[in-house]
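The structure's right below; bear with me while I get my questions together.
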Amino acid sequence: MFEVYIHVPFCLRRCGYCDFNTYTATDLGAGASRGNYANMVIREMKLTKQWQLDHGIAEPPVSTVFFGGGTPTILAARDLVAMLDAVRKIWGIAPDAEITTEANPDTVNEYYINELAAGGFTRVSFGMQSAVPHVLKTLDRTHTPANVAAGVNAANKAGLRSSVDLIYGAPGESLDDWRTSVTTAIDLGVNHISAYALTVEPTTKMGRQIAAGTLPKPNDDDEAAKYEIADDLFAAAGLEWYEVSNWARPGYESQHNLGYWRNVDWAGLGPGAHSHYNAVTEADHSQSASLTAPAGGGCPADAGLGVVSVSHGLRSWDIAHPRLWGTAINENRVPWADSETITPEENLEELIMLGLRLHEGLDLDRINRAINDAGMSSTPQTLRTVSVDQLAPMISEGLITVSDNHRVVPTRRGRLLNDSVIEQFFDFVGV
(Lines give C-alpha, C1' and ligand atoms only; values in the text may rest on other atoms or scores of the structure.)
Protein backbone atom coordinates (compact mmCIF):
# COMPACT_ATOMS: atom_id res chain seq x y z
CA MET A 1 0.00 0.00 0.00
CA PHE A 2 1.00 3.60 -0.60
CA GLU A 3 -0.65 6.63 0.98
CA VAL A 4 -0.33 10.39 0.55
CA TYR A 5 -0.71 12.91 3.36
CA ILE A 6 -0.98 16.62 2.50
CA HIS A 7 -0.47 19.11 5.32
CA VAL A 8 -2.17 22.51 5.01
CA PRO A 9 -0.53 24.80 7.59
CA PHE A 10 -3.07 27.63 7.59
CA CYS A 11 -5.71 28.46 10.23
CA LEU A 12 -8.10 31.37 10.77
CA ARG A 13 -6.96 31.44 14.41
CA ARG A 14 -4.80 29.27 16.61
CA CYS A 15 -6.60 27.22 19.26
CA GLY A 16 -5.20 27.53 22.77
CA TYR A 17 -4.28 23.83 23.08
CA CYS A 18 -2.77 23.42 19.61
CA ASP A 19 0.95 22.88 19.05
CA PHE A 20 0.64 21.71 15.43
CA ASN A 21 2.68 23.33 12.66
CA THR A 22 0.08 25.97 11.75
CA TYR A 23 0.04 29.68 10.94
CA THR A 24 -2.62 32.39 10.73
CA ALA A 25 -0.83 34.63 8.19
CA THR A 26 -2.16 34.45 4.63
CA ASP A 27 1.28 34.76 3.01
CA LEU A 28 4.41 33.25 4.58
CA GLY A 29 6.85 33.99 1.76
CA ALA A 30 8.63 32.09 -1.03
CA GLY A 31 5.30 31.21 -2.64
CA ALA A 32 3.84 29.63 0.50
CA SER A 33 0.62 31.62 0.61
CA ARG A 34 -2.97 30.47 0.85
CA GLY A 35 -3.65 31.48 -2.73
CA ASN A 36 -0.59 29.71 -4.16
CA TYR A 37 -0.35 26.77 -1.77
CA ALA A 38 -1.81 24.15 -4.12
CA ASN A 39 0.76 25.02 -6.78
CA MET A 40 3.62 24.62 -4.30
CA VAL A 41 2.39 21.23 -3.07
CA ILE A 42 1.99 20.00 -6.65
CA ARG A 43 5.60 20.99 -7.31
CA GLU A 44 6.66 19.05 -4.21
CA MET A 45 4.75 16.02 -5.50
CA LYS A 46 6.79 16.06 -8.70
CA LEU A 47 10.08 16.38 -6.79
CA THR A 48 9.04 13.54 -4.48
CA LYS A 49 8.08 11.27 -7.38
CA GLN A 50 11.48 11.89 -8.98
CA TRP A 51 13.23 11.12 -5.69
CA GLN A 52 11.31 7.83 -5.47
CA LEU A 53 12.37 6.87 -8.99
CA ASP A 54 15.99 7.77 -8.23
CA HIS A 55 15.97 5.49 -5.19
CA GLY A 56 14.34 2.41 -6.68
CA ILE A 57 10.88 2.97 -5.18
CA ALA A 58 8.00 1.87 -7.39
CA GLU A 59 4.82 2.52 -5.46
CA PRO A 60 1.40 1.13 -6.40
CA PRO A 61 -1.49 3.52 -7.10
CA VAL A 62 -2.38 5.56 -4.03
CA SER A 63 -4.85 3.78 -1.72
CA THR A 64 -5.66 6.79 0.50
CA VAL A 65 -5.16 10.55 0.41
CA PHE A 66 -5.61 12.62 3.57
CA PHE A 67 -5.61 16.42 3.81
CA GLY A 68 -4.79 17.53 7.36
CA GLY A 69 -3.73 20.65 9.11
CA GLY A 70 -4.10 23.30 10.15
CA THR A 71 -7.40 23.77 8.38
CA PRO A 72 -7.39 22.33 4.85
CA THR A 73 -10.83 23.77 4.20
CA ILE A 74 -9.49 27.30 4.68
CA LEU A 75 -8.36 26.87 1.07
CA ALA A 76 -10.80 27.03 -1.81
CA ALA A 77 -12.38 23.66 -2.59
CA ARG A 78 -10.94 23.89 -6.12
CA ASP A 79 -7.43 24.00 -4.61
CA LEU A 80 -7.98 20.74 -2.69
CA VAL A 81 -9.38 19.17 -5.86
CA ALA A 82 -6.39 20.42 -7.88
CA MET A 83 -3.97 18.75 -5.45
CA LEU A 84 -5.99 15.55 -5.59
CA ASP A 85 -5.96 15.66 -9.40
CA ALA A 86 -2.15 16.00 -9.28
CA VAL A 87 -1.88 12.91 -7.04
CA ARG A 88 -3.94 11.04 -9.62
CA LYS A 89 -1.71 12.22 -12.48
CA ILE A 90 1.63 11.63 -10.73
CA TRP A 91 1.05 8.34 -8.86
CA GLY A 92 -2.38 7.12 -9.90
CA ILE A 93 -5.22 6.50 -7.48
CA ALA A 94 -6.73 3.07 -6.79
CA PRO A 95 -10.38 2.72 -7.89
CA ASP A 96 -11.63 2.21 -4.32
CA ALA A 97 -9.34 4.81 -2.72
CA GLU A 98 -10.37 6.69 0.41
CA ILE A 99 -9.98 10.46 -0.04
CA THR A 100 -10.41 12.49 3.16
CA THR A 101 -10.10 16.07 4.24
CA GLU A 102 -10.26 17.42 7.74
CA ALA A 103 -12.70 20.32 8.06
CA ASN A 104 -13.37 23.06 10.55
CA PRO A 105 -17.19 23.26 10.69
CA ASP A 106 -16.92 27.07 10.34
CA THR A 107 -15.22 26.85 6.94
CA VAL A 108 -17.52 24.61 4.88
CA ASN A 109 -21.06 24.79 3.55
CA GLU A 110 -23.19 22.70 1.21
CA TYR A 111 -21.65 24.25 -1.92
CA TYR A 112 -18.10 23.64 -0.69
CA ILE A 113 -18.82 20.01 0.16
CA ASN A 114 -20.58 19.41 -3.16
CA GLU A 115 -17.46 20.67 -4.93
CA LEU A 116 -15.31 18.22 -2.95
CA ALA A 117 -17.63 15.34 -3.82
CA ALA A 118 -17.59 16.24 -7.50
CA GLY A 119 -13.77 16.39 -7.37
CA GLY A 120 -13.37 12.85 -6.06
CA PHE A 121 -13.37 13.17 -2.27
CA THR A 122 -15.10 10.36 -0.40
CA ARG A 123 -14.89 11.42 3.25
CA VAL A 124 -14.86 14.48 5.55
CA SER A 125 -13.53 14.50 9.11
CA PHE A 126 -15.10 17.32 11.11
CA GLY A 127 -13.29 18.86 14.08
CA MET A 128 -16.18 18.76 16.55
CA GLN A 129 -14.12 18.52 19.80
CA SER A 130 -17.14 19.08 22.08
CA ALA A 131 -20.88 19.77 22.02
CA VAL A 132 -20.77 21.93 25.15
CA PRO A 133 -20.37 25.70 24.62
CA HIS A 134 -18.20 26.41 27.67
CA VAL A 135 -15.83 23.55 26.73
CA LEU A 136 -15.57 24.85 23.16
CA LYS A 137 -14.75 28.27 24.60
CA THR A 138 -11.99 26.81 26.79
CA LEU A 139 -10.56 25.09 23.72
CA ASP A 140 -10.76 28.38 21.74
CA ARG A 141 -13.04 26.79 19.15
CA THR A 142 -15.29 29.20 17.25
CA HIS A 143 -17.83 26.80 15.76
CA THR A 144 -21.13 25.76 17.31
CA PRO A 145 -22.73 22.30 17.53
CA ALA A 146 -25.17 23.49 14.85
CA ASN A 147 -22.23 24.04 12.45
CA VAL A 148 -21.15 20.43 12.92
CA ALA A 149 -24.66 19.09 12.26
CA ALA A 150 -24.99 21.24 9.14
CA GLY A 151 -21.66 19.93 7.81
CA VAL A 152 -22.57 16.31 8.43
CA ASN A 153 -25.96 16.79 6.78
CA ALA A 154 -24.32 18.39 3.73
CA ALA A 155 -21.83 15.54 3.48
CA ASN A 156 -24.64 12.98 3.71
CA LYS A 157 -26.55 14.71 0.90
CA ALA A 158 -23.40 14.75 -1.25
CA GLY A 159 -22.79 11.03 -0.67
CA LEU A 160 -19.65 11.52 1.44
CA ARG A 161 -18.81 9.61 4.60
CA SER A 162 -18.42 11.70 7.73
CA SER A 163 -16.32 11.37 10.85
CA VAL A 164 -16.13 13.64 13.90
CA ASP A 165 -13.22 14.20 16.28
CA LEU A 166 -13.76 14.71 20.00
CA ILE A 167 -11.36 15.83 22.73
CA TYR A 168 -11.84 14.86 26.38
CA GLY A 169 -10.19 16.20 29.52
CA ALA A 170 -10.47 19.93 28.82
CA PRO A 171 -10.18 22.07 31.96
CA GLY A 172 -13.63 22.51 33.49
CA GLU A 173 -15.25 19.68 31.53
CA SER A 174 -17.45 17.55 33.82
CA LEU A 175 -18.37 13.91 33.27
CA ASP A 176 -21.88 15.05 32.29
CA ASP A 177 -20.39 17.53 29.79
CA TRP A 178 -18.46 14.67 28.23
CA ARG A 179 -21.53 12.41 28.09
CA THR A 180 -23.36 15.22 26.30
CA SER A 181 -20.59 15.49 23.69
CA VAL A 182 -20.45 11.74 23.11
CA THR A 183 -24.22 11.31 22.79
CA THR A 184 -24.46 14.35 20.51
CA ALA A 185 -21.78 12.89 18.24
CA ILE A 186 -23.58 9.55 18.15
CA ASP A 187 -26.92 11.26 17.40
CA LEU A 188 -25.36 12.87 14.31
CA GLY A 189 -25.51 9.40 12.77
CA VAL A 190 -21.88 9.33 11.68
CA ASN A 191 -20.19 5.97 11.23
CA HIS A 192 -16.79 6.97 12.60
CA ILE A 193 -15.78 8.88 15.74
CA SER A 194 -12.33 9.66 17.11
CA ALA A 195 -11.87 10.60 20.77
CA TYR A 196 -8.52 11.89 21.99
CA ALA A 197 -7.34 12.81 25.48
CA LEU A 198 -6.28 16.43 25.69
CA THR A 199 -2.51 16.77 25.60
CA VAL A 200 -1.21 20.00 27.09
CA GLU A 201 2.06 21.30 25.70
CA PRO A 202 3.85 23.91 27.85
CA THR A 203 4.48 26.29 24.92
CA THR A 204 0.79 26.65 24.04
CA LYS A 205 -1.60 29.30 25.36
CA MET A 206 -3.38 26.64 27.43
CA GLY A 207 -0.07 25.30 28.71
CA ARG A 208 0.87 28.76 29.95
CA GLN A 209 -2.56 29.23 31.56
CA ILE A 210 -2.21 25.92 33.42
CA ALA A 211 1.32 26.79 34.52
CA ALA A 212 0.04 30.13 35.83
CA GLY A 213 -2.79 28.41 37.71
CA THR A 214 -5.60 30.12 35.82
CA LEU A 215 -6.76 26.78 34.40
CA PRO A 216 -6.71 23.40 36.20
CA LYS A 217 -4.40 20.69 34.93
CA PRO A 218 -6.03 17.67 33.24
CA ASN A 219 -6.38 14.68 35.56
CA ASP A 220 -5.41 11.15 34.52
CA ASP A 221 -8.22 9.50 36.51
CA ASP A 222 -10.76 11.91 35.03
CA GLU A 223 -9.54 11.14 31.52
CA ALA A 224 -9.67 7.38 32.18
CA ALA A 225 -13.27 7.69 33.39
CA LYS A 226 -14.18 9.65 30.28
CA TYR A 227 -12.55 7.05 28.04
CA GLU A 228 -14.66 4.34 29.66
CA ILE A 229 -17.83 6.43 29.26
CA ALA A 230 -17.08 6.91 25.56
CA ASP A 231 -16.24 3.26 24.99
CA ASP A 232 -19.49 2.13 26.63
CA LEU A 233 -21.69 4.62 24.77
CA PHE A 234 -20.04 3.99 21.41
CA ALA A 235 -20.36 0.21 21.82
CA ALA A 236 -24.04 0.55 22.74
CA ALA A 237 -24.55 2.55 19.52
CA GLY A 238 -22.85 -0.09 17.35
CA LEU A 239 -19.49 1.66 17.00
CA GLU A 240 -16.61 -0.75 17.64
CA TRP A 241 -13.14 0.30 18.72
CA TYR A 242 -10.56 -0.56 16.08
CA GLU A 243 -7.71 1.57 17.43
CA VAL A 244 -7.21 2.93 20.93
CA SER A 245 -8.72 6.33 20.06
CA ASN A 246 -11.01 5.39 17.17
CA TRP A 247 -14.42 3.75 16.86
CA ALA A 248 -16.40 2.87 13.74
CA ARG A 249 -19.21 0.76 12.42
CA PRO A 250 -17.75 -2.29 10.64
CA GLY A 251 -16.48 -1.27 7.21
CA TYR A 252 -16.19 2.43 8.09
CA GLU A 253 -12.72 2.41 9.66
CA SER A 254 -10.31 5.12 8.48
CA GLN A 255 -8.18 3.27 5.96
CA HIS A 256 -5.61 6.07 5.94
CA ASN A 257 -5.01 5.87 9.68
CA LEU A 258 -4.97 2.08 9.56
CA GLY A 259 -2.18 2.41 7.01
CA TYR A 260 -0.08 4.36 9.53
CA TRP A 261 -0.68 1.76 12.24
CA ARG A 262 0.12 -1.07 9.84
CA ASN A 263 3.40 0.67 8.94
CA VAL A 264 2.80 1.03 5.18
CA ASP A 265 4.62 3.46 2.88
CA TRP A 266 3.42 7.04 2.73
CA ALA A 267 4.58 10.36 1.31
CA GLY A 268 4.01 13.42 3.47
CA LEU A 269 3.74 16.72 1.60
CA GLY A 270 3.69 20.23 3.03
CA PRO A 271 5.67 21.98 5.80
CA GLY A 272 6.57 19.62 8.63
CA ALA A 273 4.94 16.55 7.05
CA HIS A 274 6.60 13.17 7.63
CA SER A 275 7.18 10.38 5.10
CA HIS A 276 7.87 6.69 5.62
CA TYR A 277 9.30 4.02 3.31
CA ASN A 278 9.87 0.38 4.18
CA ALA A 279 12.47 -0.27 1.48
CA VAL A 280 14.76 2.34 -0.05
CA THR A 281 17.70 1.55 -2.31
CA GLU A 282 20.47 3.86 -1.20
CA ALA A 283 22.91 4.95 -3.88
CA ASP A 284 26.67 4.83 -3.44
CA HIS A 285 27.64 8.20 -1.93
CA SER A 286 30.64 8.51 -4.20
CA GLN A 287 28.32 8.69 -7.19
CA SER A 288 25.13 10.25 -5.86
CA ALA A 289 23.72 12.39 -3.12
CA SER A 290 23.15 11.19 0.42
CA LEU A 291 19.66 10.36 1.57
CA THR A 292 20.15 12.87 4.37
CA ALA A 293 19.33 16.47 3.52
CA PRO A 294 22.18 18.96 3.14
CA ALA A 295 22.70 21.53 5.86
CA GLY A 296 20.48 24.11 4.14
CA GLY A 297 17.52 21.73 4.12
CA GLY A 298 16.11 19.88 1.14
CA CYS A 299 17.42 16.98 -0.94
CA PRO A 300 18.42 17.24 -4.60
CA ALA A 301 15.62 16.18 -6.91
CA ASP A 302 18.10 14.75 -9.41
CA ALA A 303 20.06 12.47 -7.04
CA GLY A 304 21.20 9.67 -9.32
CA LEU A 305 20.94 6.01 -8.31
CA GLY A 306 24.64 5.25 -8.68
CA VAL A 307 25.98 1.93 -7.38
CA VAL A 308 23.52 0.17 -5.11
CA SER A 309 24.95 -0.40 -1.64
CA VAL A 310 22.09 -1.04 0.78
CA SER A 311 18.33 -1.33 1.06
CA HIS A 312 16.60 -0.21 4.24
CA GLY A 313 13.66 1.64 5.72
CA LEU A 314 13.60 5.43 5.77
CA ARG A 315 11.79 8.16 7.65
CA SER A 316 11.96 11.80 6.56
CA TRP A 317 10.34 15.08 7.51
CA ASP A 318 9.77 18.28 5.60
CA ILE A 319 11.15 21.66 6.63
CA ALA A 320 8.67 23.05 9.14
CA HIS A 321 8.54 26.75 8.28
CA PRO A 322 6.53 27.37 5.09
CA ARG A 323 8.90 30.07 3.78
CA LEU A 324 11.98 27.83 4.04
CA TRP A 325 9.94 24.91 2.71
CA GLY A 326 8.95 27.05 -0.28
CA THR A 327 12.52 28.19 -0.81
CA ALA A 328 13.71 24.58 -1.14
CA ILE A 329 11.00 23.83 -3.70
CA ASN A 330 11.89 26.98 -5.66
CA GLU A 331 15.47 25.70 -5.74
CA ASN A 332 14.23 22.37 -7.16
CA ARG A 333 15.05 20.43 -3.99
CA VAL A 334 12.91 17.93 -2.12
CA PRO A 335 12.09 20.09 0.91
CA TRP A 336 13.23 17.75 3.65
CA ALA A 337 14.65 19.07 6.89
CA ASP A 338 16.31 15.69 7.44
CA SER A 339 15.88 11.93 7.19
CA GLU A 340 16.98 8.83 9.06
CA THR A 341 17.49 5.17 8.36
CA ILE A 342 15.07 2.81 10.10
CA THR A 343 17.14 -0.06 11.47
CA PRO A 344 15.64 -3.57 11.81
CA GLU A 345 15.55 -3.09 15.61
CA GLU A 346 13.72 0.24 15.25
CA ASN A 347 11.31 -1.38 12.81
CA LEU A 348 10.61 -4.07 15.41
CA GLU A 349 9.90 -1.44 18.05
CA GLU A 350 7.49 0.37 15.71
CA LEU A 351 5.65 -2.85 14.83
CA ILE A 352 5.10 -3.50 18.54
CA MET A 353 4.01 0.05 19.43
CA LEU A 354 1.60 0.28 16.50
CA GLY A 355 0.22 -3.25 16.66
CA LEU A 356 -0.64 -2.98 20.36
CA ARG A 357 -2.99 -0.08 19.58
CA LEU A 358 -5.16 -2.09 17.19
CA HIS A 359 -8.22 -4.28 17.71
CA GLU A 360 -6.88 -6.59 15.00
CA GLY A 361 -3.92 -7.03 17.33
CA LEU A 362 -0.21 -7.56 17.14
CA ASP A 363 0.75 -10.51 14.96
CA LEU A 364 3.06 -12.55 17.21
CA ASP A 365 4.39 -14.61 14.30
CA ARG A 366 5.33 -11.42 12.43
CA ILE A 367 7.05 -10.07 15.54
CA ASN A 368 9.09 -13.25 15.92
CA ARG A 369 10.22 -12.95 12.31
CA ALA A 370 11.15 -9.32 12.92
CA ILE A 371 13.13 -10.28 16.03
CA ASN A 372 15.33 -12.51 13.96
CA ASP A 373 15.53 -10.02 11.08
CA ALA A 374 16.95 -7.63 13.69
CA GLY A 375 19.67 -10.16 14.55
CA MET A 376 18.45 -10.62 18.11
CA SER A 377 18.68 -14.40 18.27
CA SER A 378 20.64 -15.64 21.28
CA THR A 379 22.95 -17.62 18.97
CA PRO A 380 23.15 -17.96 15.18
CA GLN A 381 21.72 -21.48 15.56
CA THR A 382 18.87 -20.53 17.90
CA LEU A 383 15.82 -18.57 16.82
CA ARG A 384 14.61 -16.26 19.54
CA THR A 385 10.84 -16.05 19.91
CA VAL A 386 8.18 -14.59 22.18
CA SER A 387 5.76 -17.33 23.23
CA VAL A 388 2.19 -17.13 24.48
CA ASP A 389 3.41 -18.64 27.76
CA GLN A 390 5.74 -15.68 28.29
CA LEU A 391 2.76 -13.36 27.97
CA ALA A 392 0.83 -15.16 30.71
CA PRO A 393 1.50 -12.46 33.37
CA MET A 394 0.03 -9.77 31.11
CA ILE A 395 -2.95 -11.99 30.36
CA SER A 396 -3.55 -12.66 34.05
CA GLU A 397 -3.34 -8.91 34.77
CA GLY A 398 -6.16 -8.38 32.30
CA LEU A 399 -4.02 -6.26 29.96
CA ILE A 400 -4.14 -8.41 26.82
CA THR A 401 -5.76 -11.40 25.21
CA VAL A 402 -4.13 -13.74 22.70
CA SER A 403 -6.23 -15.28 19.94
CA ASP A 404 -5.84 -18.76 18.48
CA ASN A 405 -4.00 -17.27 15.52
CA HIS A 406 -1.46 -15.60 17.82
CA ARG A 407 -2.84 -12.06 17.72
CA VAL A 408 -2.11 -10.03 20.86
CA VAL A 409 -4.99 -7.64 21.53
CA PRO A 410 -5.15 -5.07 24.35
CA THR A 411 -8.17 -5.26 26.64
CA ARG A 412 -9.89 -2.03 27.68
CA ARG A 413 -7.63 -1.97 30.72
CA GLY A 414 -4.71 -2.53 28.38
CA ARG A 415 -5.83 0.38 26.22
CA LEU A 416 -5.95 2.64 29.26
CA LEU A 417 -2.46 1.44 30.25
CA ASN A 418 -1.14 1.21 26.70
CA ASP A 419 2.30 2.65 27.47
CA SER A 420 2.80 0.05 30.21
CA VAL A 421 1.68 -2.77 27.90
CA ILE A 422 4.18 -1.67 25.27
CA GLU A 423 7.02 -1.40 27.80
CA GLN A 424 6.33 -4.88 29.15
CA PHE A 425 6.29 -6.29 25.64
CA PHE A 426 9.61 -4.56 24.91
CA ASP A 427 11.04 -6.37 27.95
CA PHE A 428 9.94 -9.76 26.55
CA VAL A 429 11.49 -8.95 23.19
CA GLY A 430 14.64 -7.40 24.64
CA VAL A 431 14.56 -4.01 22.92
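The values are calculated or read from the model by the stated rules, or taken from the named source; none is laboratory data. Predicted model, so just to flag it, every value in this text is computed and none were measured. Note: ideal-geometry Cβ built from the backbone for every residue, glycine included; neighbour counts use all protein chains shown. Heads up: the accessible areas ignore ligands, DNA and RNA and are worked out on the full protein's heavy atoms, side chains in. Shrake-Rupley method; radii C 1.70, N 1.55, O 1.52, S 1.80 Å.
Can you give the accessible area per residue of the stretch 99-172, in Å², using a 1.4 Å probe?
Result: 35 Å² of accessible area for each residue.
LYS205: which lysines have alpha carbons under 29 Å from its alpha carbon, excluding same-chain residues fewer than 8 sequence positions away?
Leaving aside lysines fewer than 8 places away in the same chain, those within reach of LYS205 are LYS137, LYS217, LYS226.
Please compute the per residue accessible area over the stretch 1-70 with all protein chains in place, 1.4 Å probe, rounded to a whole number of Å².
36
What lysines could a cross-link reach from LYS46, if we take a straight Cα to Cα line under 20 Å and drop same-chain neighbours fewer than 8 places away?
Here the lysines satisfying the reach criterion relative to LYS46 are LYS89.
Here is a follow-up. Can you send over the solvent-accessible area of HIS55, 1.4 Å probe, protein chains only, in Å² to the nearest 10?
0
Further question on the same structure: What is the extension gain from THR142 to TYR111, computed as 0.36 nm multiplied by their sequence separation minus the C-alpha to C-alpha distance, in nm to one decimal?
Full extension from THR142 to TYR111 adds 9.1 nm.
Can you pull the percent of the chain's accessible area that's carbon plus sulfur, 1.4 Å probe, other chains left in place?
The nonpolar share, carbon plus sulfur, comes to 51 percent.
Could you give the length gained by full extension between PHE20 and ARG262, i.e. 0.36 nm per residue of separation minus their alpha carbon distance, to one decimal place?
84.8 nm
Moving on. Roughly how many Å² of GLU340 are accessible to a 1.4 Å probe, to the nearest 10?
80
Probe 1.4 Å, all protein chains in place: accessible area of GLU240 in Å², nearest 10?
So the heavy atoms of GLU240 present about 110 Å² to solvent.
Sort out for me the Cα centre separation of the stretch 314-352 from the stretch 125-181, rounded to whole Å.
33
With the crude spin-label approximation of a point 7 Å out along Cα→Cβ, what separation in nm comes out for HIS359 versus GLU228?
2.1
Of the listed peptides 158-165, 88-95, what is their order by residue-averaged count of other C-beta atoms within 10 Å, with the highest listed first?
The most tightly packed comes first, giving 158-165, 88-95.
Would you mind telling me the antiparallel percentage of the DSSP bridges in the chain, rounded to 5?
50
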